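What follows is a short report on a single structure.
The values are calculated or read from the model by the stated rules, or taken from the named source; none is laboratory data. Bear in mind that the values here come from a model prediction, so they are computed numbers and not experimental data. A quick note on method: Cβ atoms are made from the backbone with ideal geometry, for glycine too, and the neighbour counts reach across all protein chains shown.
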């Protein structure tokens, strides 16, 4: 026998018939290997009948009739009828017959039963369902610890096979072996959870978030390329927090269908292998923190997506109108559509096609700045309200107009050899009068806008702000609306 699926099916049937459980992955591979190497089914069945696990169904000292009777009760789920008991006992009484040879023959008959007897039909359905569930468990990293439990709910009903692939915990805590299961369901967390032996393309479904506890998910095969994990986030509360530490996975899909839930997602990789995070669903406000190489939010249909990135992370929007925010040192690409892109720290913003609005966040305590890669005059808008904090403060008792500073459109030019620091200090020397001054210069082939909030004669990182524009764009051609803190 050389077909892997066929050998796995045969061995899984023997496990159900002789051990009353599913095969663990190591056991499935061992016995299947004997079949592939040329041993007959009868010889393998005899070997399995002779090992300790078979004593659960077939204790030492049983007569031939008792062996057959035990098979009926434990494997077929019913007491043997007199005719069947006599027939199979007679088979086992024949000289040279063995328990393995007869049980193998019984398995073949019941697995392919095509008769009309109600009891036979029910027994065949029960056995085949248990064998199918057992094979799936063994082929997907199933462990010995769960090999009996996984078949406990399998019945003659086909739906029970799918149910056996679900690992459900109403209260999850501690280490949990998830090998052999296609989907993991947690009602809530009562402590930190470590999921081990998690297979490729497993689904993790969370019904309640937790701000206090986290989930570590470890792949069963960290050497395999492109291991996927699908996580379905809770949507029952106004605020949910899901802290995920992924180990050995390259791709993560986050799903949420709630229209009223704000999420705080912290996706941190212990082995830094995460290449892609795909975000789906319609959560009204989404916050994601990740070290992944790429975050794809093109299928996200909610109202707002915020991503905290690390160096090398690229966040990609859809072909429609997106509302996206990102911080850190990565890259945010709106793609096509009229996008609203917000960025802070050292993020690079790329609007793509469409009329885009860029919002720069701040302030920063260091000399770090947002880069806008494709700002287009007459099409795009830049809003700097968040980085201008030296501005008027209208109130009912002081109803002055909003004033976000003075724009100085003439380019600062310090001549050849001037340093970047010199340009920053020159911009800072333009004292606020009475509010912030906004000026610009070119350096190294790019344009820089400086928001001078302080009264210090030199640039102050905790107060003054920088915005970089890729290329030799002429910022002096932009129009500034001081009440909106916006450039057009």
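Here is how the numbers come out for the structure above:
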item	result
The range 470-488 - residue that is in a helix (DSSP H, G or I) and in contact with a strand residue (DSSP E or B) (Cβ under 9 Å, 6 or more places away or on another chain) and, of those, farthest from residue 375 (Cα to Cα)	476
Qualifying residue in the range 112-134 (condition: without any contact (Cβ under 8 Å) to a residue 60 or more places away in the chain, farther than 27 Å from residue 46 by Cβ and touching a helix residue (DSSP H, G or I) at 6+ places or on another chain (Cβ under 7 Å))	no
Filter result (on the phi < 0 side of the Ramachandran plot, outside any helix (DSSP H, G or I) and modelled with pLDDT under 95) within the range 61-78	78
Some residue of the range 433-446 being in a strand (DSSP E or B), over 24 Å from residue 358 (Cβ atoms) and more than 41 Å from the chain's Cα centre (by Cα)	no
Members of the range 424-443 found to be within 20 Å of residue 477 (Cα to Cα) and at pLDDT 95 or above, listed by number	427, 437, 438, 439, 440, 441, 442, 443
Candidates 288, 280, 252 - the one that is in a strand (DSSP E or B), modelled with pLDDT of 75 or more, within 26 Å of residue 369 (Cβ to Cβ) and within 16 Å of the chain's Cα centre (by Cα)	288
Residue that is surrounded by the most Cβ atoms within 10 Å (Cβ to Cβ) [pool: residues in the range 291-306 that are in contact (Cβ under 8 Å) with a residue 24 or more places away in the chain and in a loop (DSSP other than H, G, I, E, B)]	292
Strands (runs of 3 or more DSSP E) (entirely within the range 139-237) containing at least 3 residues that are in contact with a strand residue (DSSP E or B) (Cβ under 9 Å, 6 or more places away or on another chain) and surrounded by fewer than 17 Cβ atoms within 10 Å (Cβ to Cβ)	166-177, 183-198
Meets criteria (over 16 Å from residue 465 (Cβ atoms) and either part of a loop (DSSP other than H, G, I, E, B) or modelled with pLDDT of 95 or more (or both)) for residue 362	no
Residue 309, sole failed condition from (1) out of contact with any strand residue (DSSP E or B) (no Cβ under 6 Å at 6 or more places or on another chain); (2) buried (at least 18 other Cβ atoms within 10 Å of the Cβ); (3) more than 26 Å from residue 439 (Cα to Cα)	(1)
Residues (surrounded by 15 or more Cβ atoms within 10 Å (Cβ to Cβ) and out of contact with any helix residue (DSSP H, G or I) (no Cβ under 9 Å at 6 or more places or on another chain)) located in the range 29-83	70
Selection status of residue 382, at pLDDT 90 or above, surrounded by 14 or more Cβ atoms within 10 Å (Cβ to Cβ), in a helix (DSSP H, G or I) and out of contact with any helix residue (DSSP H, G or I) (no Cβ under 8 Å at 6 or more places or on another chain)	no
Unique residue being surrounded by fewer than 17 Cβ atoms within 10 Å (Cβ to Cβ) and in contact (Cβ under 8 Å) with a residue 40 or more places away in the chain when the list is 409, 399, 394	409
Within the range 368-379, considering residues that are surrounded by 15 or more Cβ atoms within 10 Å (Cβ to Cβ) and part of a loop (DSSP other than H, G, I, E, B), the one farthest from the chain's Cα centre (by Cα)	375
Residue tally, condition more than 34 Å from the chain's Cα centre (by Cα) and either closer than 19 Å to residue 179 by Cβ or outside the structural domain of residue 110 (by TED's automatic domain parsing) (or both), over the range 21-56	2
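Residue by residue, here is whether (1) free of Cβ contacts under 8 Å to residues at least 40 places away in the same chain; (2) farther than 17 Å from residue 384 by Cβ; (3) within 27 Å of the chain's Cα centre (by Cα) holds:
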position	(1), (2), (3)
312	yes, yes, yes
321	yes, yes, yes
331	yes, yes, yes
338	yes, yes, no
342	yes, no, yes
356	yes, no, no
360	no, no, no
